């Protein structure tokens, strides 16, 4: 067993015991850190993601500061679709904005398959990071087909997903063609990261919670499964995460995940029963609790740790990403608390 395979993070992902419950935070490298804001001054998000030197430094920042058990590659879920030929920008305060949304079969032709060469800067970033991180695992990631499709169809972030659902229901042939193309792109993007040396991957289906279980199983799950099962022989744990997905947890596990990420709405012991006995869980402290004072943070973190024991493995995390206003010191203290409280 390699050093990284024997790390607390990878062991927990595989449902194996370790010295403590591992912890990392979604969006741990980002606007909550002053060093991140300083290094990103005057540099656009997409440009930042395409510069291996910058990606390496930003990814390392929370590992140095917080002592977390895993790093996650600094990137964005729209990086591969930009590489696939879609004209888009990541607008500060808004998110990804697509110049010409994809709503017809002709529009789909603009979304071409990608190769590893199209995202060679990501592979270079991973190689640099693996060398720097040593015994700390690196998590690669990508957006899931449904979440990517919602940005492409809506043209940007949405609260209602009206255009997305309209295509899904009214044009199922176009819908499945689009998600099939996105699954192919996503799988290539993740394979590139695995080949470069990441120790695990996370598939973010951030907005799948907008769907019923029936619609998820019919319209989305086959495409997410294609991505996750396409990595079955990669030898790395596969994490699957979405927001508001309490009713989808069983299906998300069935799609091929080794670890199912759980947002803050569903207690981990309840989630573990829905997901089944052969998968680890990740989560799920409400990010808002970090603003409630240390006594509350400690109480709720201990609750999450206790509930996480219902699963064969538990990776401590938030129930979504770190909010920009979060005090970094709280995250550092929380990491230490999780390690101390779960020491075996």
- Relative to the compact globular guide of 2.2 N^0.38 Å, what is the alpha carbon radius of gyration of the chain, as a ratio? 0.93
- Message: Which of rounded, prolate or oblate describes the stretch 144-273 when judged by the alpha-carbon gyration tensor and an a/c cut-off of 1.5?
- Response: oblate
- Distance from a point 7 Å along Cα→Cβ of residue 171 to each backbone N in the stretch 135-149: keep the residues under 15 Å and list them by number. 149
- Message: Using the basic label-point model (7 angstrom from Cα toward the beta carbon), what is the residue 124 to residue 46 distance in nanometres?
- Response: 1.8 nm
- Item | Simple spin-label estimate for residue 116 and residue 310 in nanometres, 7 Å along Cα-Cβ | 4.2 nm
- Note on the structure: Under 15 Å by backbone N from the virtual spin label 7 Å along Cα-to-Cβ at residue 14, the residues of the stretch 184-216 are 199-201
- Just for the chain, what percent of DSSP beta bridges are antiparallel, to the closest 5? 15 percent
- If the chain between residue 288 and residue 303 were fully stretched, how many nm would it gain, using 0.36 nm times the residue separation less the Cα-Cα distance? 3.9 nm
- With Cα springs under 10 Å, the Gaussian network model of the chain assigns the largest mean-square fluctuation among 123, 105, 210 to 105
- Query: What number, rounded to the nearest 500 deg cm²/dmol, is the helix-based mean residue ellipticity at 222 nm of the chain, given -39500 (n - 2.57) per DSSP H run of at least four residues and division by all its residues?
  - Reply: -13000 deg cm²/dmol
- Item | Cα gyration tensor of the stretch 82-176 - equivalent ellipsoid semi-axes, whole Å, descending | 30, 15, 13
- Task: Starting from the Cα-Cα distance between residue 39 and residue 332, subtract it from 0.36 nm times their residue separation and give me the gain in nm to one decimal.
- Result: 103.4 nm
- Centre separation in Å (Cα based) which lies between the stretch 107-129 and the stretch 26-104: 15 Å
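Every read-out reported here was derived from the displayed coordinates using simple, explicitly stated rules and does not represent laboratory data. Just so it is clear, the structure is predicted and the values come from calculations on it, not from any experiment. Ideal geometry is used to build each Cβ from the backbone, glycine not excepted, and the neighbour counts take in all protein chains shown.
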